Amino acid sequence: MRNAGALVRARRTRLGLSQRAAARVCGIPQSMLSRIESGQTDPSVTTLARVLAGLGAELYLELKSLETGGEGRREKQQSLWVNRLIVGELTRDPDRVVAVARDNITRWRDIHAGRPSILAALDRWSEILDAGVESIVATLTGQSEEAEDLRQNSPFAGVLSQKQREQALRSFRSHWERRHPDAAVGVAEKSLAR
């Protein structure tokens, strides 16, 4: 697991921000950001959340079982399951799917005009769309950190019908519960406790 400083530095670098610009956006002194990134100081949870929010990311803490990989792993697998269905639509009708993605990017640029991290993700998605179907498929189904980050701002909303999405999620739940019977019990207990 990487330390907080490495996570902050990776996020800032991915956005193409200098330390000075990132510190200004995060509302902290550059010297503090430098100490965090270099590992000279471990930020409090509050400070780390503030820095990551300034960089367009959210901090969340999660307890997870070492046996099953926890809920985060489940969510990533569920996302991949749905993205594979989008890939199916992409191979059937690439012009329609790319047009939906481009329309979403255009609309979202206006909606998120003040959020540099989301705009950077949308710029990257535009490059991927321009690169062609193979590049899109690699990002939708890839295991890299960049692919996972980009899927958080995926422009493919509306490609699947509500019925297709619901069927995919039901199918995934059934698949997950067969492969992780103990995890299914944990999820049920958690929902009953609410």
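If the requirement is being farther than 21 Å from A121 by Cα and at pLDDT 80 or above, which of these qualifies: E37, E62? It would help to see each step written out before you state the result.
Values: E62 fails: at pLDDT 80 or above.
Residue meeting the stated conditions: E37.
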(request) Can you tell me which residue within the stretch 85-125, out of those that are within 11 Å of S154 (Cα to Cα) and of a type in the set (G, A, S), is nearest to the chain's Cα centre (by Cα)? (result) A121
(request) Answer yes or no: is there a residue in the stretch 151-163 that is buried (at least 18 other Cβ atoms within 10 Å of the Cβ) and assigned to a helix (DSSP H, G or I). (result) yes
(message) Among the residues of the stretch 78-119, what is the count of those that are buried (at least 16 other Cβ atoms within 10 Å of the Cβ) and not β-branched (V, I, T)?
(response) 15
(message) Going through R179, R115 one at a time, which residue ends up being more than 19 Å from T13 (Cβ to Cβ) and among the basic types (K, R)?
(response) R179
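The values are calculated or read from the model by the stated rules, or taken from the named source; none is laboratory data. As the structure is a prediction and not an experimental result, all values here were calculated from the model. Virtual Cβ from ideal backbone geometry, glycine too; neighbours counted across all protein chains shown.
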